[in-house]
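Colleague: Right, I'll just put the structure down here and ask away after.
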């Protein structure tokens, strides 16, 4: 099992990860994980942990992980929005076919304000994109 372990382990955190160097090079062949850095996915900052000096290999592995993680998060974001579209369709069907007057009263104002806000932003952004294409 230990032969298949990666050289680095990334413990995902809110805005990035704590980076550990993985090693089994000891007498007991136990897995050791030494924290070497903390990374921020949003801005790409890499902070060495304590007085650890990061090697070029460390920096390359961390940079590769940041790039892959940013792509993964971007894909998830789009998928979440597409799920929202599905959920809005299901909400429409619920409102049309099953919702009681009391249920509709409880959600209508919040939904209308949210949808108005979203529509305003989408229309403005679409107009901006069309303006850039023409100009």
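Colleague: All but one of (1) loosely packed, with under 13 Cβ neighbours inside 10 Å; (2) in a strand (DSSP E or B) hold for residue 79, so report the exception by its number.
Modeller: (2)
Colleague: Where residues in region 50-64 are touching a strand residue (DSSP E or B) at 6+ places or on another chain (Cβ under 9 Å) and part of a helix (DSSP H, G or I), which of them is nearest to residue 13 (Cα to Cα)?
Modeller: Going through the qualifying residues, I end up with 62.
Colleague: I'd like to check something: does region 28-42 contain any residue that is within 21 Å of the chain's Cα centre (by Cα), within 30 Å of residue 114 (Cα to Cα) and not in a helix (DSSP H, G or I)?
Modeller: Among the residues of region 28-42, at least one is within 21 Å of the chain's Cα centre (by Cα), within 30 Å of residue 114 (Cα to Cα) and not in a helix (DSSP H, G or I), which makes the answer yes.
Colleague: Still on this structure: Based on this model, can you work out whether residue 67 counts as surrounded by 10 or more Cβ atoms within 10 Å (Cβ to Cβ), in contact with a helix residue (DSSP H, G or I) (Cβ under 9 Å, 6 or more places away or on another chain) and either at positive phi or in a helix (DSSP H, G or I) (or both)?
Modeller: no
Colleague: Exactly one of (1) at pLDDT below 90; (2) in a loop (DSSP other than H, G, I, E, B) is unmet by residue 3. Its number?
Modeller: (2)
The values are calculated or read from the model by the stated rules, or taken from the named source; none is laboratory data. Everything quoted here is computed from the prediction, not taken from an experiment. Ideal geometry is used to build each Cβ from the backbone, glycine not excepted, and the neighbour counts take in all protein chains shown.
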